[in-house]
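Worksheet for the structure shown next.
Throughout, read-outs are computed from the coordinates displayed, never taken from laboratory work. Computed from a predicted structure; not experimentally measured. Because the Cβ atoms are built from the backbone with ideal geometry, glycine has one as well, and the counts that use them run over all protein chains shown.
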Amino acid sequence: MSEECRRGEEFLNSIFETTKLDLRASAVETDDGCVLNLEGGDDSLLRGEGGELLHALEHVVNQARGRELPHGKRFLCDVGDFRASREAELRTMAQLAAERVRSSRAPFTFAPMDASERRAIHLALANEVDLHTESVGEGNARRLKVSLKSQASK
């Protein structure tokens, strides 16, 4: 394991120790960077609210230690394969939105999502030749809109 990945692991473990959370990070290097797998008695806290705390921890470790990683790499936090489950859920949501847009011929806008979730939906619908996806809004209120390509320019 790289020194940078080890430092990210130590950083999160120090947060857990200080806050008395029953969690432990263990790092694994991947092509994307460093995955910090989190487990322990408090892991359910990380899954709640759509993984909001998990995303927040990921943001913190990337802000604190991400600059140490090679260009294009980042820290990813996961708990009990939450990310894989969430990606599958987002792909399903994308397909349901696509069906709805096609049947109603009206655009569909998702509730606010973070960048990684919007990206997952963009990618899930990227090969749909009749659909257009775009992110709309600002900051935490940023949403993803799906529309028919013929309506996208309107």
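With contacts defined as alpha carbon pairs under 8 Å and 6 or more residues apart, what's the relative contact order of region 3-80 in percent?
34
Do you know the relative contact order of the chain, to the nearest whole percent, from alpha carbon pairs under 8 angstrom that are 6+ apart?
Result for the chain is 17 percent.
Working only with C-alpha atoms, what are the Rg and Dmax values of the chain, expressed in angstrom?
Values for the chain (Cα only, Rg and Dmax): 18.0, 54 Å.
Using only alpha carbon pairs under 8 Å that are at least six residues apart, calculate the relative contact order of region 85-152 and give it in whole percent.
Once divided by the residue count of region 85-152, the mean separation gives 37 percent.
In nanometres, what is the gap between the two model label sites at Val136 and Arg47, each 7 Å from Cα along Cα-to-Cβ?
Here the answer is 3.4 nm between the modelled labels.
Based on the Cα gyration tensor of region 84-154, what are the three equivalent ellipsoid semi-axes, each the root of five times an eigenvalue, rounded to whole Å and given largest first?
In descending order the semi-axes read 18, 15, 10 Å.
Any idea what the dipole of the chain comes to, in debye rounded to 20, about its Cα centre with Lys/Arg Cβ at +1 and Asp/Glu Cβ at -1?
Taking the Cα centre of the chain as origin, the dipole is about 940 debye.
Using a Förster distance of 41 Å, how high is the FRET efficiency between Thr18 and Arg100, based on the Cβ-Cβ distance and rounded to 0.05?
0.35
Which helices of the chain meet both criteria: a Cα extent of 18 Å or more along the helical axis and a mean Kyte-Doolittle score no lower than -0.5, with helices taken as whole DSSP H segments?
The qualifying helices are 43-65.
Can you give me the long-range amide H partners of Phe75? Hydrogens built in the peptide plane at 1.01 Å from N, cutoff under 5 Å, separation of 5 or more residues or another chain.
Under 5 Å from the amide H of Phe75 lie the amide H atoms of Cys34, each far enough along the sequence or on another chain.
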